[in-house]
1. In the neighborhood of F148, defined by Cβ-to-Cβ distances under 14 Å, what is the net charge if each Lys or Arg adds +1 and each Asp or Glu adds -1?
2. Convert each backbone phi in segment 278-284 into a coupling constant with the Karplus relation 6.51 cos²θ - 1.76 cosθ + 1.60 (shift: θ = phi - 60°), then list the ³J(HN,Hα) values in order as whole Hz, x for Gly and Pro.
3. Return the long-range amide H neighbours of V111 (sequence gap of 5 or more, or a different chain), with a cut-off of under 5 Å between placed amide H atoms.
4. Among 244-252, 144-152, how do they line up from the highest to the lowest mean number of other beta-carbon atoms within 10 Å?
5. Normalising by the residue count of the chain, find the relative contact order in percent from Cα pairs under 8 Å and 6+ residues apart.
6. As a test of the formula, what do you get for the chain when each DSSP H run with n ≥ 4 contributes -39,500 (n - 2.57) and the sum is divided by the residue count, at 222 nm and rounded to the nearest 500 deg cm²/dmol?
7. Looking at the chain, what % of its DSSP beta bridges pair antiparallel, to the nearest 5?
8. State, in angstrom, two size descriptors of the chain derived from its alpha carbons: Rg to one decimal place and Dmax to the nearest whole number.
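What follows is calculated from the coordinates using simple rules that are stated; it is not laboratory data. Keep in mind it's a predicted model, so treat the numbers as computed, not measured. Neighbour counts run over all protein chains shown; Cβ positions are idealised from the backbone, glycine included.
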Amino acid sequence: MSDLFDDPQPGQNAPEFSVSEISGEVKRTLEGTFGRIRVRGEVGRVFKARSGHLYYDIKDDKSVLACTTWKGQISGLSVVPEEGLEVVVTGRLTAFGAQSKYNMNVDEVAVAGQGALMALLEKRKKQLEAEGLFSDARKQALPFLPRFIGVVTSPSGAVIRDILHRLRDRFPRKVLVWPVAVQGQNCASEVARAIEGFNQLTPGGALPRPDLIIVARGGGSIEDLWGFNEEIVARAAAASQIPLISAVGHETDTTLIDYVSDRRAPTPTAAAELAVPVRLDLLGWTSEQGARLSRAAGQAVQLRRQRLNDLSRALPRPDRLLEDPRQRLDRVADRLPTALISGVQQRRVMLSERGASLRPATLRGLVAARSDKLRNLSSRLTVRPIARDLTQKKDALARLGQRMQTAQQARVDRAVQTLGANARQLEILSYKATLSRGYAVVRSDQGLITNTAAAAEAEHLSIEFADGVFQVSGDGAPASKPAEPTTDEPGQGSLF
């Protein structure tokens, strides 16, 4: 074992390399030998670092190749690697000398074959269906006659011309076209932004918000239509608050946007037919409805006229209706003179009977009885009891007045005592007593001065002592003679 660490035998001329030199030589050999290559395999572990770089493995049944896609290269990938997806990656082999590893820097990823694409499509379809994006409950009804229609498609293809031609034939409407790439690596992002952009427009603004969106593209292979199978497009269509019609490919072509859209049209021309009704059919229908309404109104009037005639024939004649009342009136008119004479005679007899009972003797007795009762009542109302009652009430009133005067005087005395105590307390708390001990109060035009800075800024000062107020101007000279101290009522100081 010690021979391993001995010096080289004399005569050996093999070159010696440092670790960095051999790592750099290996890197140059790899990059120079292979150059730009394409590798097919199944995507294994996928990891996206915080820096934005993407790390993943490409493997087959025997080996694993580490791959790296830098942050700036990810946006150029047509397909983002997903675990289990069979892909063909394109890039350059390189070595990482710090760990004695080699990997492949990938700048292009393509799905290996249509079978792998269909498997990826089925996987995404199951995921979105599990989230409820395919549910019929969340789909919106299409407007019957939209004012503005937004179309997301390529402005240079035949699709937009077919849509405009069909709209012009059926019912001309205003169309807003949002140009996008309908295939390639920019297709999915541009279509998703177009759908979101139409939804962010303000209704009634300078650029009006459409009432309906049509996402359209002509037919093509599954690779050409793959942008409409991306998850961002499906989620943008599902989140659209504007009803959306998908018209991607021909009738046999199906993409993810067809499942999440509110309606699927087999072709772009069919999408235009779903968007608006036929104007001539509407005019014919309205004319037909107007004729039906007129016929119904005429039939209703005719039926009611016939019913009225039938009912009028069942009614009796007016003369026959008045025959019985006329006979009753004649009988009553014949009996009326006899009834009047009989009533007058009966009332005359009753008056005679009542008058006989009212004789003069009876009336005189009734008047005498009432007079006696009146004298009895008047004798009870003498002047003496009333005068005695008034005297008692006056005495009681005098006693109450004396008690009230005594109570009022006591209340006034208590208030005077309280006021005197408060005045003495006010005198104790007044700052006037403090002035007598040598203190002074300094004021300016702006109010009380409490520091030298404010005194220096004031133009006029007023200094109050215990015996008066002294005025001082800004230059320090006295402004006036001391004023006599202000006093309030004798014996009571002032709070101010």
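1. +3
2. 7, 5, 5, 5, 5, 4, x
3. Those lying under 5 Å, H to H, from V111 are V88.
4. Values: 244-252: 21.3, 144-152: 19.3.
Averaged packing, sorted descending, gives the order 244-252, 144-152.
5. Relative contact order of the chain: 7 percent.
6. Only helices count here, giving -16000 deg cm²/dmol.
7. Working: 41 of 60 bridges.
Around 70 percent of the beta bridges assigned by DSSP in the chain are antiparallel ones.
8. 58.8, 189
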